[in-house]
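The values are calculated or read from the model by the stated rules, or taken from the named source; none is laboratory data. If you're wondering where the values come from, they're calculated on a predicted model, not measured in any experiment. Here the Cβ is made from the backbone with ideal geometry for all residues, glycine too, and neighbour counts use every protein chain on show. The protein model used for the area step is the full one, side chains on, heavy atoms only, and it has no ligands, DNA or RNA in it. Shrake-Rupley method; radii C 1.70, N 1.55, O 1.52, S 1.80 Å.
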Amino acid sequence: MTDHSDSVASSPAPGLPELQRRLASFAAARHWQPYHTPKNLASALSVEAAELLEIFQWLTPEESARVMDVPDTAHRVTDEVADVLAYLLQLCEVLGVDPLAALAAKIERNEHRFPAP
């Protein structure tokens, strides 16, 4: 499998709070905060998720499993994943949701709802 990391991969990835701060600073510098309502961010998140899905739309299961082996497609997937995560983190920031705590709680609920056989 191909290495899909950028040349900056040698430095550690920033944590969620740092990414959320950078996203907020980016939006503030462009005076976008009035548009970053929960509804608009959820809509943007849905659009970006659909753009990610579009990459896989007509692929067979086998082709979709190899999508990261094609550099151009891998780049598109990576960019769309980043867009989805960016809007999700911005939505969490606006709503005051800790995404990692929310995920941990959801996993725990699912472990109880769907016990392993």
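For the reader, a short list of remarks on this structure follows.
- Cut-off 13 Å between beta-carbons: net charge of the residues surrounding D83, Lys and Arg +1, Asp and Glu -1: -4
- The chain: translational diffusion in µm²/s, Stokes-Einstein, Kirkwood Rh over Cα pairs, 10 °C, 1.306 mPa s: 95
- Prolate/oblate/rounded call for segment 19-87, Cα gyration tensor, a/c under 1.5 rounded: prolate
- Computed [θ] at 222 nm, deg cm²/dmol, the chain (DSSP H ≥ 4; -39,500 (n - 2.57); rounded to nearest 500): -22000 deg cm²/dmol
- Inter-label distance, nm, simple model (7 Å from Cα along the C-beta direction), A105/N40: 2.7
- Contact order, relative form, for the chain: 36 percent (alpha carbon pairs under 8 Å, 6 or more residues apart, mean separation divided by residue count).
- Charged neighbours of T73, selected by a Cβ distance under 11 Å, balance to -3 (K, R count +1; D, E count -1).
- Placing a pseudo-label 7 Å from each Cα along the Cα-to-Cβ vector at L16 and V70 gives an inter-label distance of 3.3 nm.
- L100 contributes about 110 Å² of solvent-accessible surface, heavy atoms of the protein only, 1.4 Å probe.
- Remark: the chain carries 75 Å² of accessible area per residue (probe radius 1.4 Å; ligands, DNA and RNA excluded).
- Rolling a 1.4 Å probe over the protein heavy atoms leaves T60 with an accessible area of roughly 60 Å².
- Computed about the Cα centre, the dipole magnitude for segment 1-116 is approximately 580 debye when only Lys and Arg (+1) and Asp and Glu (-1) carry charge, each at its Cβ.
- For V94 and E62, the FRET efficiency from 1/(1 + (r/R0)^6), where r spans their Cβ atoms and R0 equals 41 Å, is about 0.55.
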